[in-house]
Amino acid sequence: MTGPWNLVRSTSPRSTPSRSMVGRRLATAALASAALVAGPLAGAAHAQGEAVSYVVDGSVDAHGVLNLSETITLGDSAPDQLTQRIATSAPAEHKMEYHYTIGGLKATAGGADLGAQVSDDAGYKVIRIDTAKAKGKPIVISYTVSGATHADPAVSGRPATTTMDYRVLQGLSVGVDEVSGTIKAPSLVSQVDCKAGPPVNPVACNSWTGGTGEEPNPTFTDGPRGAGEVVQVSFTTQAQGMAASESIDHQWSLDRAFEPSATSLLLALATLVLGALGLWALHRRTGRDVAAASRPTLIAEFVPVGAGEEEFHLVEDIRPGQIGTVADESVDPIDVTATLLDLAVRGHLRIRELGPESQHKPMDWSFERREGGRGQLRPYEQVLLDAVAPLDGRVVKVSGIASAIGDVIPQVQDELYEDVVRQGWFDKRPDEARNGWMLLGWISLTLAVLVAGLLVAFTTLGLWGLALIAIAAGVVFLAPRMPRRSARGSQLLAGLHVLAHDLQNHRTDQMPRGQELRELSELLPYAVVLGGRGRWLEAFADADDDATPDPTDLDWYHAPDTWHLADLPDSVTAFITSVQGHLFGR
């Protein structure tokens, strides 16, 4: 705030006095009148230990160091000890704090050192003076302040400026009747201001001036002031004449940590753009499937065998478990379930639906081992067969399948992953590729969170930290998509899309008459893993041409005596749901 008499100049050396001079004369007259009317009261105030005057003689050098000399004249009854607490910091805007370096603090009287005690106390320099040593003479407290001059924001087209802002009266243990002083500046000043009063809410001083022909240096008067009250003087001058000696500490706050400055926005945007491009390039180079070198692999087809009749013919010896693993790059419960059905259809296993023990118990099934099945067993199929139909004849039920095969599921998965690599559909095991990138992603995310925490705690670059976290999270997001099919695997995947389309759209009523159950059974495991299962199960029901129960019409699925082929859709759906539920819940 600029005072009412700031920058007022007289038109000539003998022109009308400036308003600041008028103000000081009026103030002096008022004080004199008050002294005549209330002389006893003033004497009483001095008796309580107040100072008669506090005169500041200060100067700021070209380096921005403030030199202060405070001459304190005590009343007739001086206190035994005079104390002044000089702050070593002050709050500033935007969660900043100015720090002051106080040097050369001492007290003298008549040129003699009073041997004052100087100490530090929680953000203050404290000087304690034995007033008896002054022997009634005025006490002079002198010290230097580095950090009281601050660089002003740059304004286009104007010279750089520096502002001095400091409390020339602060922390005095006694009140003062009159405060006055002058601060000598190294160059022409402007925007002189003076505030006084309680430290938390100072108001305008009685008078101040500066930057005029009569008063080139900032000059001020004020008073009376109570113990602990302040007088704060500020002025501005060109930076080439007075350097900034400020020392700023940026206080932490969440708003400041995420301050959208040009630097933080640029870093965050650059990190997001470059990181996104890097992730895209990484996935394209490492996680994207190799392009197929030729046409899709033909896996199976419907071959005409007569008028309006077709057989399901497997062109490639590819099992449902392999198909499921290549299709989604992982071994899932549906792959295990489809493998169990395929083992049964090929004659290695029989699934037996058990009669209900009571109307309140869910359906259950058991597995029987059979000899003479078709096709050589793959390693993962052998492991699964031995688990659900042990050689020792022990009966395994679906309700207990989790405990029966829970220990071998990792081995089944391991064998399947090894198998798809042996077949040349992947160059690297999908689980190893996925797990490796997931580990890298979580390490990256952990480091990004730590770096972001440091940026938030100690800088204003919190937005950059969020960008780093986003990119690291992108690695975690990409990890499940990093398994890479070879060219042969891409050909197979394209063939799987063709077969899936056929299974979901091909007519179900064109199987050779009398061979419907066999043909439908052959394709059922593939429909389970690729889709279209429901429509082919309904074809089983449609093939039931009599009202006689059919508990053993299917060699791979036996049921209670009252069971019909029309019940197969519900039975197989319940079987698949139960197996997957028990595997998921293991």
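The values are calculated or read from the model by the stated rules, or taken from the named source; none is laboratory data. Keep in mind it's a predicted model, so treat the numbers as computed, not measured. Cβ atoms come from the backbone with ideal geometry, glycine included; neighbour counts cover every protein chain shown.
Working carefully through the options G211, G147, G228, find the one that is touching a strand residue (DSSP E or B) at 6+ places or on another chain (Cβ under 9 Å), within 19 Å of E50 (Cβ to Cβ) and not hydroxyl-bearing (S, T, Y). Sole residue among the options that is touching a strand residue (DSSP E or B) at 6+ places or on another chain (Cβ under 9 Å), within 19 Å of E50 (Cβ to Cβ) and not hydroxyl-bearing (S, T, Y): G228. Against the list (1) within 30 Å of E516 (Cβ to Cβ); (2) among the aliphatic types (A, V, I, L, M); (3) not assigned by TED's automatic domain parsing to the domain that holds A338, the condition V315 fails is (3).
Among the residues making up the range 100-134, none is closer than 24 Å to D165 by Cα and in a helix (DSSP H, G or I). Taking the listed residues A154, A132, A160, the one that is free of Cβ contacts under 8 Å to residues at least 12 places away in the same chain and either farther than 22 Å from S69 by Cβ or surrounded by fewer than 14 Cβ atoms within 10 Å (Cβ to Cβ) (or both) is A154, with no other qualifying. The sole residue among P159, P186, P153 that is farther than 13 Å from A244 by Cα and assigned to a loop (DSSP other than H, G, I, E, B) is P159. Of all the numbered requirements in (1) out of contact with any Ser or Thr (no Cβ under 6 Å at 6 or more places or on another chain); (2) surrounded by 15 or more Cβ atoms within 10 Å (Cβ to Cβ); (3) not in a loop (DSSP other than H, G, I, E, B), T263 misses one, and that requirement is (2).
In the range 74-98, the residue that is farthest from S253 (Cα to Cα) out of those that are part of a loop (DSSP other than H, G, I, E, B) and not charged (D, E, K, R) is S77. Is the range 489-510 home to any residue that is farther than 29 Å from T337 by Cβ, in contact (Cβ under 8 Å) with a residue 40 or more places away in the chain and in the same structural domain as S330 (by TED's automatic domain parsing)? No, there is no match, as no residue in the range 489-510 is farther than 29 Å from T337 by Cβ, in contact (Cβ under 8 Å) with a residue 40 or more places away in the chain and in the same structural domain as S330 (by TED's automatic domain parsing).
Comparison of V412, V421 shows that the only residue that is without any contact (Cβ under 8 Å) to a residue 40 or more places away in the chain and within 30 Å of Q491 (Cβ to Cβ) is V421. Of the candidates A293, A307, A338, the single residue that is surrounded by fewer than 18 Cβ atoms within 10 Å (Cβ to Cβ) and under 50 Å from the mean Cα position of the chain (by Cα) is A293. Only a single item in (1) in a loop (DSSP other than H, G, I, E, B); (2) touching a residue at least 40 places away in the same chain (Cβ under 8 Å); (3) of a type in the set (D, E, K, R) is not met by K137, and it is number (2).
The residues in the range 360-378 that are within 15 Å of L391 (Cα to Cα) and part of a strand (DSSP E or B) can be counted, and the count is 4.
Annotation: of all residues in the range 91-116 being surrounded by 18 or more Cβ atoms within 10 Å (Cβ to Cβ) and in contact with an Asp or Glu (Cβ under 9 Å, 6 or more places away or on another chain), the one that is farthest from D152 (Cα to Cα) is L114. When the range 150-182 is filtered for residues that are among the polar types (S, T, N, Q) and in contact with a strand residue (DSSP E or B) (Cβ under 9 Å, 6 or more places away or on another chain), the ones remaining, listed by number, are T161, T162, T163, Q170, S173, S180, T182.
Looking at R507, R429, just one residue is among the basic types (K, R), under 18 Å from G324 (Cα atoms) and more than 20 Å from the chain's Cα centre (by Cα), and that residue is R429. On inspection, T271 passes the criterion of being β-branched (V, I, T), at pLDDT 90 or above and part of a helix (DSSP H, G or I).
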